[in-house]
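Contents: one structure, followed by commentary.
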Amino acid sequence: EKQGKSGYNPRQELTRLRFKETEQKFDLSSFQFKREDENLFKNNYQMLNLRQLVASKDSVNHLNDSINKTIFKTINPYYKIYYNTQNYRKGKIIDSLNFKKAGIFTGIDSSSKALVINYAKENIVNLKNSLSSTTEQSKDFVSTIRRYLIEYNKKFTLAVSCLVLFFIGAPLGAIIRKGGLGLPVVVSVIFFLIYHIISTVGEKSVKEGNLSPVLGMWLAIIILTPLGLFLTYKATIDSALFDVDLYKNLFKKLFRKKKVVNG
């Protein structure tokens with residue numbers, strides 16, 4: 001009986017293998033570790049030291065300044081500004097709205113008027129197209145400068161954050177008397193999550209340009225440093241800040257007073 005196009009023979013016997021031990025070999029050459037070229041990552045933000053970050057930021061800033069000068073030279077012929085230093089010294093204010101719009105087309109016939117309007121529209125479109133690429137390039141340069149500033153500040157914030165979290169976690173172990181090691185660790189992890197959320201929000205705000213790099217990267221440390229100092233002070237005076245029994249007794253006294261007043 002002829003086999004089908006797929007090569008399947010319904011009369012072919014099913015082969016079964018029985019064994020106690022077997023050795024199966026697989027080709028794992030595709031999973032072989034390959035070392036990447038270090039030159040591909042040497043210019044990454046995180047691989048640069050402080051001096052290299054400053055030099056890279058200055059070079060990108062210089063490129064951005066040249067782009068801004070190009071934008072100014074492109075726009076300047078279309079927006080002429082005349083300065084009258086004599087009126088400025090006398091303190092006179094020239095009314096910029098004192099302008100008759102109908103005077104633009106005075107002495108121009110209707111056909112020439114249409115040509116002037118079309119010519120103005122073409123100039124606007126050409127100006128917009130010529131500035132679209134340069135403005136996007138300027139935005140990319142500004143974003144790159146922010147990334148350099150983020151990494152520059154992160155070199156310091158990571159070290160200082162370790163000290164801040166230490167001044168939060170160490171006093172908690174002395175203040176929290178019940179729960180052994182577990183409760184202080186849980187509370188410390190909660191404060192670490194608070195630090196991580198604030199630092200992430202601050203870094204994202206810097207990337208979007210909503211905050212300055214210094215304020216955004218140091219925001220979590222600015223917020224948590226007073227808390228660390230407060231907890232350290234409470235630990236030195238042996239305060240019962242996290243004593244659960246203290247708060248239970250306080251609530252019991254308050255409810256007793258309310259009952260006495262109501263009675």
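We did not get these values from a lab; they are worked out from the coordinates using the rules stated. Keep in mind that this is a model prediction, so the values were computed, not measured. With ideal geometry, Cβ positions are generated from the backbone for all residues, glycine too; neighbour counts draw on all protein chains shown.
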- Global form of region 191-238, assessed from the alpha-carbon gyration tensor, a/c cut-off 1.5: prolate
- From the phi of every residue in region 160-173, what ³J(HN,Hα) in whole Hz does the Karplus formula 6.51 cos²θ - 1.76 cosθ + 1.60 yield, where θ is phi - 60° and glycine or proline is x? 5, 5, 4, 5, 5, 5, 5, 6, 8, x, 5, x, 5, x
- Task: Just add up the charged neighbours of Asp65: K/R +1, D/E -1, any other residue whose Cβ is under 15 Å from the Cβ of Asp65.
- Result: +2
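Report, in listed order, any pair from Lys34/Lys204; Lys57/Lys121; Lys73/Lys139; Lys73/Lys154 with a Cα-Cα distance greater than 29 Å.
Lys34/Lys204; Lys57/Lys121; Lys73/Lys154
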